[in-house]
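J.: Below is one structure. I have some questions about it.
The values are calculated or read from the model by the stated rules, or taken from the named source; none is laboratory data. Small disclaimer: the values here were computed from a predicted structure and weren't measured. In this analysis, Cβ positions are derived from the backbone assuming ideal geometry, glycine residues included, and neighbour counts consider all displayed protein chains. Just the protein is used for accessible areas: all its heavy atoms, side chains included, with ligands, DNA and RNA removed. Shrake-Rupley method; radii C 1.70, N 1.55, O 1.52, S 1.80 Å.
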Protein chains: 2
Amino acid sequence: MRVAFLGLGIMGRPMAANLVKAGHEVTVWNRTAGKEVSGAQVAATPADAAAGAEVVWMCVSDTTAVEQVLFGENGAAHSLSAGVILVDSSTISPAATTQFAERVRAQGVAWVDAPVTGSKIGAENATLIFIAGGDEAALARIQPLFQAMGKQVFHLGETGKGQCAKLAMNLQIAMIYEGFAEAITLASKLGVDINRLLPLIMASMVKSGVVEYKAPFVMKRDFSPNFPLRLMLKDIHLTRDAAKAARVRLPGLEAVEEVYELAAEDGHADLDYAATLTLLEKWAGIEVKG
Amino acid sequence: MRVAFLGLGIMGRPMAANLVKAGHEVTVWNRTAGKEVSGAQVAATPADAAAGAEVVWMCVSDTTAVEQVLFGENGAAHSLSAGVILVDSSTISPAATTQFAERVRAQGVAWVDAPVTGSKIGAENATLIFIAGGDEAALARIQPLFQAMGKQVFHLGETGKGQCAKLAMNLQIAMIYEGFAEAITLASKLGVDINRLLPLIMASMVKSGVVEYKAPFVMKRDFSPNFPLRLMLKDIHLTRDAAKAARVRLPGLEAVEEVYELAAEDGHADLDYAATLTLLEKWAGIEVKG
């Protein structure tokens, strides 16, 4: 298929590369110039990239970026024709998604929100999970593209429901990791060897995919960004906004939000969100070497 | 072995039954009379139960209960002789554990703290995980008893470290479940079908043993107590006390503690801790049938 891929960040670049690998005709665009994907055309603007595309796939950083890429000067919306499918793998506001989808629907364009889970490694290995909202027909048409970039697609409902579910997923990731980080901080301070605690965690019902994935990095004190703290914090803010508008109280997430904000202020925003641990350790007066 | 088993609650009773099943000579005692275990002798007091026992195993509700059972009137400590091993599978204060162990050490009695994870079902099926603190020699001697009641023993360090690790484990259980409960409350309110969200959770890194175990009960709205909310709240209080004394900040757990306190005040204390969900739903104005 002819695909315009907009946004070549940590996630977007390997995703676009996997589309090329699967034989699709890909044109890429990125906000800051100089990024490219081997085998793909490079466009100067989103509008140029989208011209002639059957599918326009976005993977940018936030709600404002999606709006800009679509409806800003030289935005992709200027060159969308009827029948095009617009797919958004960014994690953005569900409410904004509904509004944006409404605007392009007038041009005969279908919107599929398809945020992903699986981190940088999932993007590279084409093992992403897509969390999709949109109509069945549109999802069916882009199935080959999903297959080129991921291992599974979950259809959560109409346009916007993918974003809602994504927020509910990241809320859980943040809570699971915070639980782990608080637990090992407390255990360390109480004199428990974390190398003895980890096998217990992994053998019990406390076991989770999040900790299984993060623990080895944490034990090596490797906080290089797989999922940068600032992006998780952005998602937490989106979740809290959506919850507030829907009159839902999320006391756990509210507490975690403050940890992330303080950790970001402490200089960890561009590290992996796992680095929130270092703030808890600092508060506890734990000195860690390495 | 000759074992005195003190405390026949949700966990203790099936544990004592599994000791009998494995061929041990078991004498049981319970605070409120009338409870028994087929094949075990029943003693009138902890002191009577402990007389002549090689191992005294406790599984009672809290720190005060352990103190009472041991050092109160007709407490087990009155009939302990040198060489006896005292095992505590209650979840109690690590600091109190150290003090109690110190008191019985004068009598030549070794203390092993061995709180468990695995819930009522693990106690019944002898698939508990023991989280042990104590010296190697004592642990080795009671290995056959561990095997009769559980599937694995993790040795976390000296006496008291089992309790520290147990608190770190339950902290994580509480945080994982709270994340799940907040996520499904938000998703429901935003119009996402939870029956579509669950398979996504289970296929992704959000997957956890806690949610895998609890979700089916939650979907059936079955909040009968496997792990009563009031006991999880007790453990949260112990954890917060230990954290405070050690100067460790646990912002996530602090928020969760308030949810549990309010849910308990709302009449859910004797239900499973999973019932904290109903408080979040009430706050969100979600009406659930069934």
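J.: Counting just the residues of the range A:203-219 that are out of contact with any Leu (no Cβ under 9 Å at 6 or more places or on another chain) and without any contact (Cβ under 8 Å) to a residue 12 or more places away in the chain, which one comes out surrounded by the fewest Cβ atoms within 10 Å (Cβ to Cβ)?
T.: The residue in question is A:Pro216.
J.: Now, a different point. Condition (residue is under 20 Å from the mean Cα position of the chain (by Cα), more than 13 Å from chain B (Cβ to nearest Cβ), more than 14 Å from A:Leu167 (Cα to Cα) and open to solvent by less than 40 Å² (accessible area, probe 1.4 Å)) applied to the range A:233-240: is it met by at least one residue?
T.: Among the residues of the range A:233-240, not one is under 20 Å from the mean Cα position of the chain (by Cα), more than 13 Å from chain B (Cβ to nearest Cβ), more than 14 Å from A:Leu167 (Cα to Cα) and open to solvent by less than 40 Å² (accessible area, probe 1.4 Å), which makes the answer no.
J.: Could you tell me whether the range A:174-189 includes any residue that is under 30 Å from B:Ala132 (Cα atoms) and open to solvent by 20 Å² or more (accessible area, probe 1.4 Å)?
T.: Taking every residue of the range A:174-189 in turn, at least one turns out to be under 30 Å from B:Ala132 (Cα atoms) and open to solvent by 20 Å² or more (accessible area, probe 1.4 Å).
J.: Any idea which of (1) touching a Phe, Trp or Tyr at 6+ places or on another chain (Cβ under 7 Å); (2) at the interface with chain B (Cβ under 9 Å from one of its Cβ atoms) is the one A:Leu250 doesn't satisfy?
T.: (1)
J.: Here's something else I'd like to know. Which one of these is open to solvent by less than 10 Å² (accessible area, probe 1.4 Å) and either of a type in the set (Val, Ile, Thr) or more than 30 Å from B:Ile236 (Cα to Cα) (or both): B:Val60, B:Val20, B:Val66, B:Val42?
T.: B:Val66
J.: Working only within the range A:93-120, note down all residues that are within 14 Å of another protein chain (Cβ to nearest Cβ), in contact with a helix residue (DSSP H, G or I) (Cβ under 8 Å, 6 or more places away or on another chain), at pLDDT 95 or above and not in a strand (DSSP E or B).
T.: Selection gives A:Ser93, A:Pro94, A:Ala95, A:Ala96, A:Thr97, A:Ala114, A:Pro115.
J.: Looking at the structure I just gave you, is B:Pro216 out of contact with any helix residue (DSSP H, G or I) (no Cβ under 6 Å at 6 or more places or on another chain), at pLDDT below 95 and within 30 Å of B:Gly9 (Cα to Cα)?
T.: Criteria not met by B:Pro216.
J.: If you don't mind, another one. Would you point out which residue out of A:Val42, A:Val55, A:Val37, A:Val26 is in the same structural domain as A:Ala114 (by TED's automatic domain parsing), in contact (Cβ under 8 Å) with a residue 40 or more places away in the chain and either touching a helix residue (DSSP H, G or I) at 6+ places or on another chain (Cβ under 9 Å) or hydrophobic (A, V, I, L, M, F, W, C) (or both)?
T.: When all the criteria are applied, what remains is A:Val55.
J.: Six or more apart or on different chains, Cβ atoms under 6 Å: show the pairs whose first residue is in the range B:267-290 and at the interface with chain A (Cβ under 9 Å from one of its Cβ atoms) and hydrophobic (A, V, I, L, M, F, W, C) and whose second is part of a loop (DSSP other than H, G, I, E, B) and surrounded by fewer than 21 Cβ atoms within 10 Å (Cβ to Cβ).
T.: B:Trp283/A:Arg249
J.: Looking at (1) open to solvent by less than 40 Å² (accessible area, probe 1.4 Å); (2) within 11 Å of chain A (Cβ to nearest Cβ), which is the only condition B:Glu258 fails?
T.: Going through (1) open to solvent by less than 40 Å² (accessible area, probe 1.4 Å); (2) within 11 Å of chain A (Cβ to nearest Cβ) one by one, B:Glu258 breaks only (1).
J.: Looking at (1) in contact (Cβ under 8 Å) with a residue 24 or more places away in the chain; (2) closer than 30 Å to A:Ala243 by Cα; (3) more than 16 Å from the chain's Cα centre (by Cα), which one does A:Cys164 not meet, given that it meets all the others?
T.: (3)
J.: I've got another one for you. Quickly run through the range A:138-165 and pick out the residues that are over 24 Å from A:Glu102 (Cβ atoms) and surrounded by 24 or more Cβ atoms within 10 Å (Cβ to Cβ).
T.: Residue satisfying the conditions is A:Met149 alone.
J.: A further question follows. Among the listed residues B:Gly72, B:Gly108, which satisfies the condition of being open to solvent by less than 20 Å² (accessible area, probe 1.4 Å) and not assigned by TED's automatic domain parsing to the domain that holds B:Asn170?
T.: Unique residue meeting the criteria: B:Gly72.
J.: Considering only residues that are touching a helix residue (DSSP H, G or I) at 6+ places or on another chain (Cβ under 8 Å) and closer than 22 Å to A:Leu80 by Cβ, which ones fall in the range A:1-11?
T.: Passing the criteria: A:Met1, A:Val3, A:Ala4, A:Phe5, A:Leu6, A:Gly7, A:Leu8.
J.: Of a type in the set (Val, Ile, Thr), under 27 Å from B:Thr239 (Cβ atoms) and in contact with a Ser or Thr (Cβ under 7 Å, 6 or more places away or on another chain) - does that describe any residue in the range B:4-16?
T.: Among the residues of the range B:4-16, not one is of a type in the set (Val, Ile, Thr), under 27 Å from B:Thr239 (Cβ atoms) and in contact with a Ser or Thr (Cβ under 7 Å, 6 or more places away or on another chain), which makes the answer no.
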